[in-house]
Amino acid sequence: MPRQDTAVVHFVRSLDARIAGGARAVLERAGMFARSGWSSHLVVTGVVNERDVAMARQAGLLDPALHVHAYLHEAPSWQDLQEAGRRAPLAPAAVLGRGVSLIRHVETDESRRVVETSVDGVVRRQEVTSRNGRRTRRVSLYDEHGRRTENWLYIDGAPVVTSEIDPGTGRWLRSDYIAEGRYRWATVGYEPPLGTAPATLHTTGERTDVGTVLARWLDREFAAWAQVVAFADGENVWQRALRRMRHPGVRGVSVLHNSHLGEPYDATAGTKPHWDGLFDDLTNVRTMVCLTSRQRQDLIERYGDLPLEIVHHAVPAPRERPAVPRGRHLVFIGRLAEQKRIEHLLEAFAAARRTVPDARLEIYGSGPLEDEVRRWISERGLEGAVDMRGHTADPLGAFAAARAAVMTSRYEGLPLTLTEGMAVGTPFIAYDLNYGPAEVIRDGTDGFLVPAGDVEAFADRIVAVLRDDGLAKRLSTAARDVVRRFSAGRYRQSWTRVLDDVADGAGTGRALVKEEA
């Protein structure tokens, strides 16, 4: 089918300044197709306004030819808009000053203004606006104990989503989608995952699920196109929406960014419960893409004739090779979460320091286990040897200054940090886990693979790299070869082949359809 008759659709949650990882890969792919002459479209399923889009284009994240669609702003139907026209504007409740004191605290930076209202020293409301205070971006409400209960998100000063939060657990319970800042046209839940959470459409009273709500809007939004090639990345509502679309020309590509395995994340493990739907129902799916050959083989053995392709991340050559003396220290860059198994890293590092007492470890990142990681450092007597650096805007510089990078995750897909670090000559010491490290690291040549969970062996490799300058130099030189092995050209060829095959009808998706009552 001619390119001018085909819309190529991609999804991201946001376009904020910190977009990274898989979302960054999606934007690169979408821009690559746009530059190749395809009509490439980006659907943002979170809150986005024109300023966000302009800033993303200015930063080089969005190709000028890429079309952006704001789902939450554009999704209300004609009937929803008609109903909104009959309603008064919605707004969060005001804070009632029943306490002894009511104080407003204002902070302003280069991009926003934050106003906090406190009663008797407890924050009850936080409002984030544009720097001049004219456009509201977010309002959060808190109970008398300072626990968040509601969150309101705005586009251009009008609310588009309001969410209810359990103050005891912090769990997000449900959200209302708002049309024209006036009418709650849909209520959606957060559980169960993969887009099957309940949704109620208030104009019609219909009860459905969040994936179907998104799918129906996609059908309307792209109705004029003869063919829609939709790329659904990750394990989320986009996968469900792809399978629930009813556009006659839809052809889907499911992209798996992470391991499909549950605990203990090895060959004995079952598939994650919320991933089963990805493989049991291939409605509209022509091709599935995974990031490593080992995951592809595991999926074939488990599910048979899935239409699987492999596309590795691209590793562009650094614009400038950082000329930084490599210190006798290690670096970790990643989210401080259960997946990363930081406790194993700290155990191995503590053991290595018994042989290399001047060894240091720099940890970059944040996440839910940040306080826990600090406690683990203290328990192991590693204060002064482990430096918690928080977020870094220069990950390549952090990698380039280190003797080696370390990874003790429970599971991965194909982490970008792995290839980015090696691109500047930083060898990795990593658990041989499912999946990723074994696809990139050549054990003993440009890094080390350690049996997953073997803390003692990991510590031994740390000692070897820190003590042997010649070994460290050889590994560093070989690590830079990752730029050739995972080149941008190879990446473009792989994705071009996938798109050409799917758009031309050569995709071989199985006709597996789950009929629902």
task = Residue by residue through the range 446-465, note down the ones that are outside any loop (DSSP other than H, G, I, E, B) and either of a type outside the set (A, V, I, L, M, F, W, C) or under 15 Å from residue 425 (Cα atoms) (or both).
result = 447, 448, 451, 456, 460, 461, 465
ask   = Among the residues of the range 144-165, is any in a strand (DSSP E or B) and farther than 24 Å from residue 13 by Cα?
value = no
message = Which of the helices (runs of 4 or more DSSP H) found entirely inside the range 212-328 contain at least 2 residues meeting this: among the aliphatic types (A, V, I, L, M) and closer than 28 Å to residue 438 by Cα?
response = 293-303
remark   = From the option list 261, 256, single residue qualifying as more than 17 Å from residue 30 (Cα to Cα) and either over 22 Å from the mean Cα position of the chain (by Cα) or touching a residue at least 60 places away in the same chain (Cβ under 8 Å) (or both) is 261
The range 472-502, residues that are within 14 Å of residue 444 (Cβ to Cβ) and small (Gly, Ala, Ser) = 472, 476, 478, 479
Close pairs from the range 408-430: first in the same structural domain as residue 441 (by TED's automatic domain parsing), partner in a loop (DSSP other than H, G, I, E, B) and acidic (Asp, Glu), Cβ under 7 Å, at least 6 apart = 422/446; 427/446
request  = Just give me the residues in the range 372-409 being crowded, with 20+ Cβ neighbours inside 10 Å and among the charged types (D, E, K, R), in sequence order.
outcome  = 403
request  = May I ask you to list the residues in the range 422-432 that are crowded, with 24+ Cβ neighbours inside 10 Å and hydrophobic (A, V, I, L, M, F, W, C)?
outcome  = 422, 424, 428, 429, 430
request  = Write out, first by first residue and then by second, each pair whose Cβ atoms fall under 6 Å of each other, whose residues are 6+ apart or on separate chains, and whose first residue, in the range 205-224, is more than 12 Å from residue 238 (Cβ to Cβ) while the second is of a type in the set (S, T, N, Q) and part of a helix (DSSP H, G or I).
outcome  = none
task = Tell me which residues, restricted to the range 363-380, are assigned to a loop (DSSP other than H, G, I, E, B) and over 26 Å from residue 401 (Cβ atoms).
result = 368
inquiry  = Just to be sure I understand, how many residues within the range 414-445 are closer than 17 Å to residue 298 by Cβ, of a type outside the set (Ser, Thr, Tyr) and in a loop (DSSP other than H, G, I, E, B)?
reply    = 4
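The values are calculated or read from the model by the stated rules, or taken from the named source; none is laboratory data. From a predicted model like this one, the values you see are computed outputs, not experimental measurements. Quick reminder, even Gly has a Cβ in these numbers, built from the backbone with ideal geometry, and neighbours come from all protein chains shown.
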